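Let me begin by presenting the structure, written as structure tokens, before commenting on it.
What follows is calculated from the coordinates using simple rules that are stated; it is not laboratory data. What you are looking at is a predicted structure, and each value in this text was computed from that prediction instead of being measured. Cβ sites come from the backbone with ideal geometry, for glycine too, and all protein chains shown count toward neighbours.
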Amino acid sequence: MDKEKLHRYALNKITDQSEIEEIVSWIESSVENKKEFNEIKNLWAYTNFADYNSYAKIPDENLQKMSKRKIIDLHFGLLKYAAVLILSFLVGGTVMFFIGNGSDVDLAYNEVIVPYGESAEVILPDKTHVWLNSGSHLIYPSSFKNNTRQVQLKGEALFEVNHDPAKPFHVLTRKLTVEVLGTTFNVEAFSNTENVKVTLIEGKVNIQNISGKVLAGLEPNQRASYNEKTGSVDIDQVDSDFYSSWKKGVYRYKDEKLVDITQRLERLYNVEVVFDDNIAIKNIKYSGTILRNKPIEQILDVFKFTSAIDYHIEMNSLGPNVVHLKMKQP
């Protein structure tokens, strides 16, 4: 593969669909090709130029499924931040999870996959505005039919729902549904956590379990945390801006454990964080702000100079770079 073409692809400067598919096929055709592309990708990631398509965090079995679907690259305002995958596919009447009736008419669905290190902005068919955070998946139909609007989310998204009293809007996660008519709210539903968190910014929402039972109603500046194991819901009064500013590239945290902060860093910067020793450092708490446009080294330096933590970054040509955290040597 032409080196210049790979560099342009890593910088997200290729717009021709056939050329994109050619490069993706070349990358996935061998371990050596994937290694070569990852070396280029990690070089840009390390220098804070993370405008590239990342397949490192997508399981191989998912990549095989993707090869059977058409990858659509949209450049006309529907989707911002083009370094994500848009998968378009047809689903028949067996998927009642979405369409909610017995119709046998095939529906077209779009799946937005946002790799680690990226973010996306999507306008749904009903003009609802969605911001997707790193490591998130959103599935939605090409049109909302009947008397409801349903989307499926894994990860984190901020929704500004277009008001339509005749068609309630539902966000479906693994074991929780958020129901609204028209409002602004944030949902966190990552697969590696036990809690689904919903923060209401404006309007009103209901929190339902998978059987449709209403567990709680939220008012603005309230945050619900639903534990998937116990089925319990805790509601706190919060500053909603604290949990919505990420759409502007500003991530705030207050008295959060280092282990929880590093989970977000893994998604934001497409890295793997490893605690090399002294597990106690995982529970050190920090308060502050992460600016997405700053390199990860600046954040790690804050940890280093404000506590007894040291770090080094291991460059990895076969996948994400690895950040090693440990206690400083006396």
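Normalised by the residues of segment 133-292, what does the relative contact order come to in percent, with Cα pairs under 8 Å and at least six apart? After rounding, I find 14 percent.
Antiparallel beta bridges, as assigned by DSSP with both residues in segment 218-330, represent about 75 percent of the total such bridges. Sequentially through segment 130-141, phi angles give Karplus couplings (6.51, -1.76, 1.60; θ = phi - 60°) of 10, 9, 10, 8, 4, x, 10, 10, 10, 10, 8, x Hz, Gly and Pro residues having no value and appearing as x. If you take all other residues with their beta carbon under 12 Å from the beta carbon of residue 279, and give Lys and Arg +1 and Asp and Glu -1, the sum is +1. Net length available on complete extension from residue 327 to residue 315 is 2.3 nm, with 0.36 nm assigned per residue and the Cα-Cα distance removed.
Summary of the geometry: segment 184-251 and segment 314-329, compared by the centres of their Cα atoms, lie 33 Å apart.
Estimated at 0.36 nm per residue, the fully extended path between residue 31 and residue 263 surpasses their Cα-Cα distance by 80.8 nm. Other residues whose C-beta falls under 15 angstrom from the C-beta of residue 181 contribute a net charge of -2, scoring Lys and Arg +1 and Asp and Glu -1.
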